[in-house]
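Below is one structure, written out as structure tokens, with a few remarks after it.
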Amino acid sequence: MRSAWFFAVLSLAVTTGCSKDPETLKREYVASGDRYVAANKLPEAIIQYRNALAKDPRVGETHFKLAEALLTVGDTSNAYKEFARAADLLPDNAGVQLRTGQMYLVTGHYPEARDRAAAILKVDPKNAAGLLLMGNALAGLKQLDQAVDLVSSAIDEDPKQTLTYANLAALQSAKGDTKAAEAAFKRGIAVDPQSASAHAGLANYYWAAGRTSEAEQELMQARALAPQEPALIRAQAAFYAGTGNATKAEQYMKEYASVGGTGAKLALADTYLAGGRAKDAANVLEPLAHTTEAFAAASMRLALAHYLTGDSQLAYSTLDSVLKQEPKNVQAILLKAGFLLKDRKPQDALTLADAALQQIPASPRGLYVKALALQQTGAPAEAIKTLQKLLTVNPSHVPAQELLANLYLSQGNPGPASELAAQVIRRQPQSWTAHLIVARAALASGRVKDAETETSMLLKANPDSYEAHTLRGDLSFRARDFSHARESYTRALELKPRAPQALAGLMRINLETGKTAEARQLADSFYDSGVTDPGLAMLAGATYAVTGEEPKAEVAFQKAIELDPSRFDAYLALGRLYFKQDRLDSAREKYEEAAVHRPEVAVASKTIVGIILASQGKRAEARKVFQDVLVLDPRAPVAANNLAWDYAEANENLDQALQLAQTARAGLPDNSQVSDTLGWVYYKKGLSTLAISTFREAVAKDPKNAQLHYHLGLAYLKNGDKGLAQQSLREALKTPGFSDAQSAREALASIG
């Protein structure tokens, strides 16, 4: 009886669920989406609007509502698509055409904005808003004379719209006719002398023209006409902040907060946070965080204030209170991810970034946080891909451009880094970071004069920049001028104690000049305080190895791997150290134990185990370990490289070896040994042309490596290029003790 009752209930539920026709469901989805928008639950609203469109994709109004919701959450790419669909479905709806045209205008899609304006004017040739949109679109297309005519026509149709005069003034200013621009603003005031916005527009014009006293007078006039208008009070605050009068700026921000409601109070808190006054911000935010209206917005800012004052525990608990009530709050999720990045917990941050991107896949902030997390977890190739995706969504995202440029530099690609930095400079000519990237890229490319010019400019602009002094030290080091290099690095460390690149520079000088005791002291000084830079950890390990302090060297190399699990040279350094100490078995046991008891380091630990087994000649066991590593992380580049090499050496699974070698290349694009592995797989598969190009690339990265020349020679020989084969094989034999010397001689003899 119980099962029959359950079946009856289930049947009723199914029948009831299917009873609603698509039209009814569509209306319910839209109504539900509207309620979510009213409650500021936009991700949920987006889902409901999409559900409605799945039932009927021809409803322009629903596309329009979806577009507005997507725009609000920052998914601009999909928002514009929905605006376009809405406008196409509602060609006679002037409001939809106008909104869509304005969106195109803001993003610089001027032809599309022009087309939407044309749709408005086709229905109503004298529509003032349509004329204004058309004028602005033509201005974007550099047709300024026509633009001025159209905006003038818009004024003729509706002469009381004072903001249109401001638009005309902006166009006249763009034409270079400053007198006409000022006259247009004054015409707006003449039409309506009591218009506070008209006076504010003229004030803005005077401010932009550097006529600050006149701008201040017009702002005061606007305030006299609308003394309680929040926007004008905030404009005064911005004016005084921009002209360096911090006292008056704060006075007006406080006034703005007193009359502008919750949003104004949040703006005051934001001002305090931006100015480094986290405690003052907290005082403003505490009462707001206990209101229903501002709970989430105020609590997130309050969490940031707590974090900035050093109370990270309270910051996390405050954020968690938001996420408990609103688990899908993307802003709160990403703010917490940002805290985790600061606290060197990138894997946790990556998990949160992915959770945010599940809700808003094209979120620029979500993609940026994910890229930062990937960078910290030692996955630069994945970070680069994420930033490239971000820049397709928002091509002018300056922090993403700067981070991507720095990643390109770290991966040995100065060309793309320089191009990205140049893009930033075109938008922001005074960008310090971009100019620094240009200088570093020039040095990495061997364009020493360009690097010197940029560095001199950076030092002139900011004589107390530790980065610029470090760069000057790098230039001197390259020229083997160790005395001046030491001076520059020392100055950099005076400006910022423990600056990683400056410390690294001094250590390199000491190692180059045989001052191992000084190098060891430097290694001790920064290592004892906790190193967070994998390059510095490697330098410390090399220093300890030279001075015979092998236990310390081991710890340093382990730290480098922990900070960057794809650090190929660190694995090799550890392997050499264990081989030299004849303690491969004990080291292997140690890492096997770590892989079991510390899952967060399992990939790195198992990789080291595989390397040790391979060095002991236990190829089958090593192969199994590398396969296990790739189950844990299919993108692990070191394991992929070593397994690909093993397959190629054994002439087995060559198709899989090729996939593995390509995976390793994606993770370590600038490592010569990884390129050598890929070339060797091509060689074994009989693809000699591909092998030659890959080996040549490897030789360019490491021209003193005899094995690379030998492999290139074999590839030339297989391809029938006997002369080039001779050159490469002879180059390999110049290295004394080359392990494949006998095979190279036999290959040479076969040429005759």
Among the aspartates and glutamates, which fall within straight-line cross-link reach of Lys336, defined as a Cα-Cα distance under 16 Å, with same-chain neighbours fewer than 8 residues apart omitted?
-> Asp311, Asp320, Glu326, Asp348, Asp354
Estimated distance in nm for a label pair at Ile751 and Thr516, the labels positioned 7 Å out from Cα along Cα-to-Cβ | 4.1 nm
Whole-number percent relative contact order across segment 686-752, with pairs defined as alpha carbons under 8 Å at least 6 apart = 28 percent
Length gained when the stretch Ser483-Asp343 is fully extended (0.36 nm per residue, less Cα-Cα span) = 46.7 nm
Can you list, largest first and rounded to whole Å, the semi-axes you get for segment 406-498 by taking the square root of 5 times each eigenvalue of its Cα gyration tensor?
-> 21, 15, 11
From the cross-link list Lys26/Lys324; Lys515/Lys704; Lys41/Lys265; Lys345/Lys701; Lys254/Lys370, the entries with a Cα-Cα span beyond 29 Å are Lys26/Lys324; Lys345/Lys701; Lys254/Lys370
Please work out the FRET efficiency for the pair Arg730 and Arg427, using the Cβ-Cβ distance as r and a Förster radius of 51 Å; give the result to the nearest 0.05.
-> 0.45
Order of 696-703, 636-643 by packing, highest average Cβ count within 10 Å first?
-> 636-643, 696-703
Charged-residue dipole, Cβ positions (Lys, Arg, Asp, Glu), segment 627-674 about Cα centre, Debye nearest 20 = 180 debye
When you count, for each residue, the other Cβ atoms within 10 Å and take the mean per peptide, how do 353-360, 538-545, 659-666, 646-653 rank with the highest first?
-> 538-545, 659-666, 353-360, 646-653
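Please say if segment 627-752 is rounded, prolate or oblate, where rounded means a/c under 1.5 for a ≥ b ≥ c the square roots of the C-alpha gyration tensor eigenvalues, and otherwise the choice is prolate for a/b larger than b/c and oblate otherwise?
Prolate shape, in that a/c is at least 1.5 and a/b is the bigger ratio.
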Distance in nm between label sites at Arg498 and Asn283, each 7 Å beyond Cα in the beta-carbon direction?
-> 3.2 nm
Full-extension gain in nm, Gln742 to Ala38, via 0.36 nm per residue minus C-alpha separation = 245.5 nm
Largest first and to the nearest Å, give the Cα extent of segment 686-752 along each principal axis.
-> 29, 29, 17
Given the candidates Ala379, Leu341, Val398, the one whose Cα lies deepest towards the positive end of the charge dipole of segment 256-408, counting +1 at each Lys or Arg C-beta and -1 at each Asp or Glu C-beta, is Ala379
Tell me the label-point distance for the pair Ser77, Gln581, using the 7 Å Cα-to-Cβ offset, in nm and rounded to one decimal.
-> 4.8 nm
Can you run phi through the Karplus equation (6.51, -1.76, 1.60; θ = phi - 60°) for segment 39-48 and list ³J(HN,Hα) in whole Hz, with x for Gly and Pro?
-> 8, 6, 10, 5, x, 5, 4, 4, 4, 5
Shape call for segment 332-388 from the C-alpha gyration tensor, a ≥ b ≥ c root eigenvalues: rounded (a/c under 1.5), prolate (a/b greater than b/c) or oblate?
-> oblate
Rank Thr694, Tyr716, Gln726 by how far each Cα sits towards the positive end of the charge dipole of segment 686-752 (+1 on Lys, Arg Cβ; -1 on Asp, Glu Cβ) and give me just the farthest.
-> Gln726
Taking the Cα centre of segment 686-752 as the origin, how large is its charge dipole in debye, to the nearest 20, when only Lys and Arg (+1) and Asp and Glu (-1) carry charge on their Cβ atoms?
-> 100 debye
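Taken together, the values in this text are just the output of simple stated rules run on the coordinates, not laboratory data. What you see is a predicted model, and the numbers here were worked out from it, not measured in a lab. In this analysis, Cβ positions are derived from the backbone assuming ideal geometry, glycine residues included, and neighbour counts consider all displayed protein chains.
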